[in-house]
Ligand code: OOB
């Protein structure tokens, strides 16, 4: 396995292979196999492009050859930050075939995140769109290239200016040596509990297995049509079952460029997708819009909702409003996926976050001393399994605390298990705010806030919000004159922080409540906000 990754212990790997979970297949070959049997079938639909499996397969081969011509080699890391456009899929499959390793960045990321991802992974190339949602990624790339010395190529979908144009990179296909299916295929980003985002290595074996079991759990077949609403770089739309699972089933992927009901409802009517995946805050928006829409949404059979807790009252409105089945999904880029299933009772689907996808997923719910708690009691969820990472990339110190000695990943989620094997998410022990579906690492924002000369100390906590679920509230102790929220916003944006991480509110205090051990008592701070929200 690539240096800096933690391989799965040999005995577990042997078990996953013997059970047929890991099949020694490559992500790049998935498309080749579909092209061989379903070549003329539509695989991928974007705003202005429609590609059959045969065309997509050929485009991936031609781009792989072009990238090799640029000097991109097997195992080279390549940061990919593209919006929901078909080029994303072509680029990923070209890199898979080349054995180069995409590192997925979100379109919302800015200099702070991209410089870290590029330098932490020693990326040799960086893929961007020219502009998207009014933001010019070429300006960002100039800034990144000036500070990351490993970066040799910036490749642009659209007007490239001084960089390399993606459209000019086609070359005649060449035979490429395939990578090892047990090795890393790409990196996902962790939701973040530390000051800097961590990289999650995903292998061909583990991700194809995840996509296959997700596709089975959602009962996909060649008639399945997936609408990609969330940013593609996120695990949920990419492979739960998402795009990769739809390709596994031989279905068709339709890409929406934004989650707005205007765009998505029009696509539902025009392209007749059968399923999609969204986060609860988008579900809120769609529930409001569906009452007034004139669009025909009747193609939708399954709506997957996950990434943040879906409240029962909101869950209960989904099926009547959309005339489709609801599926709750509790997942993580690190691996483990839980989903509700078709044969669950309506009551179950509304009240639990689902059961694990693989019979080989091992789950423990433990107390603070890592002792298992009885079924029905709340504890931290630990997990290990055939598609869950064994360690973050180049992070030995963090791995020592994020995993147990016997390789279980500490999710930081507080859950309880029901008698029938479902998971109910009850809270979090990790220092993360889930704002919409976006994960905001509190220590990361605190570190940036404390770089401001007017701030002595900062503590960032979640405040309840009806639509987003949570918002970011920053408690500050001022150094002299306290800065305003507008000043802080300008300061953090200038530091290159992604917009979704900006505090929604600030509150200047004289001191923080402390725990018995003298640490800032975040629970007490969060409780103040919950009490305030309750009293409104
Ligand atoms: C998904 O992945 P990430 O990596 O952005 O975030 C993972 C974390 C979980 O550890 C948990 O804290 C939270 O997001 N979460 C949920 C949830 N699903 C995820 N919290 C409550 N209820 C849920 N249903 O968010 C993700 C990855 C794949 C599929 C779906 C979601």
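The values are calculated or read from the model by the stated rules, or taken from the named source; none is laboratory data. Everything numeric here is computed off the predicted structure, so don't read it as measured data. Heads up, the Cβs are rebuilt from the backbone with ideal geometry, glycines too, and the neighbour counts pull from every protein chain shown.
What residue, of 188, 196, 230, is in a loop (DSSP other than H, G, I, E, B), outside the structural domain of residue 153 (by TED's automatic domain parsing), within 25 Å of residue 106 (Cα to Cα) and under 12 Å from the mean Cα position of the chain (by Cα)?
From the options 188, 196, 230, the qualifying one is 230.
Residues of region 490-532 being out of contact with any helix residue (DSSP H, G or I) (no Cβ under 8 Å at 6 or more places or on another chain), surrounded by 15 or more Cβ atoms within 10 Å (Cβ to Cβ) and free of Cβ contacts under 8 Å to residues at least 24 places away in the same chain, which ones?
Listed by number, the residues that qualify are 521, 528.
So is residue 372 free of Cβ contacts under 8 Å to residues at least 40 places away in the same chain and not assigned by TED's automatic domain parsing to the domain that holds residue 473 or not?
yes
In region 78-126, what count of residues is obtained for those that are closer than 16 Å to residue 146 by Cα and touching a strand residue (DSSP E or B) at 6+ places or on another chain (Cβ under 8 Å)?
10
Kindly establish whether residue 183 is over 21 Å from residue 90 (Cβ atoms), more than 16 Å from the ligand (Cβ to nearest atom) and surrounded by fewer than 20 Cβ atoms within 10 Å (Cβ to Cβ).
Taking the combined requirement at face value, the residue satisfies it.
Does residue 40 satisfy the condition of being over 15 Å from residue 208 (Cα atoms), at pLDDT 95 or above, in contact with a helix residue (DSSP H, G or I) (Cβ under 9 Å, 6 or more places away or on another chain) and surrounded by fewer than 20 Cβ atoms within 10 Å (Cβ to Cβ)?
Answer is yes for this residue.
Looking at (1) within 26 Å of residue 184 (Cα to Cα); (2) outside the structural domain of residue 156 (by TED's automatic domain parsing), can you tell me which one residue 66 breaks?
Single failed check for residue 66: (2).
Do we have residue 277 as touching a helix residue (DSSP H, G or I) at 6+ places or on another chain (Cβ under 8 Å), closer than 21 Å to residue 47 by Cα and within 13 Å of the ligand (Cβ to nearest atom) here?
yes
For region 52-60, check the following and say yes or no: at least one residue is surrounded by fewer than 23 Cβ atoms within 10 Å (Cβ to Cβ) and modelled with pLDDT under 95.
Looking for residues that are surrounded by fewer than 23 Cβ atoms within 10 Å (Cβ to Cβ) and modelled with pLDDT under 95, one finds none in region 52-60, hence no.
How many residues are more than 24 Å from residue 193 (Cα to Cα) and in contact with a helix residue (DSSP H, G or I) (Cβ under 7 Å, 6 or more places away or on another chain) when one looks only at region 301-317?
Residues that pass the stated criteria total 6.
Anything in region 191-246 that is on the phi > 0 side of the Ramachandran plot and either surrounded by 24 or more Cβ atoms within 10 Å (Cβ to Cβ) or within 14 Å of the ligand (Cβ to nearest atom) (or both)? List them, or say none.
Selection gives 192, 242.
Of the residues 79, 90, 156, which single one is assigned to a helix (DSSP H, G or I) and at pLDDT 95 or above?
Going through 79, 90, 156 in turn, just one is assigned to a helix (DSSP H, G or I) and at pLDDT 95 or above: 90.
Looking for something farther than 30 Å from residue 137 by Cβ and surrounded by fewer than 15 Cβ atoms within 10 Å (Cβ to Cβ) - is there at least one such residue anywhere in region 447-456?
Yes, some residue in region 447-456 is farther than 30 Å from residue 137 by Cβ and surrounded by fewer than 15 Cβ atoms within 10 Å (Cβ to Cβ).
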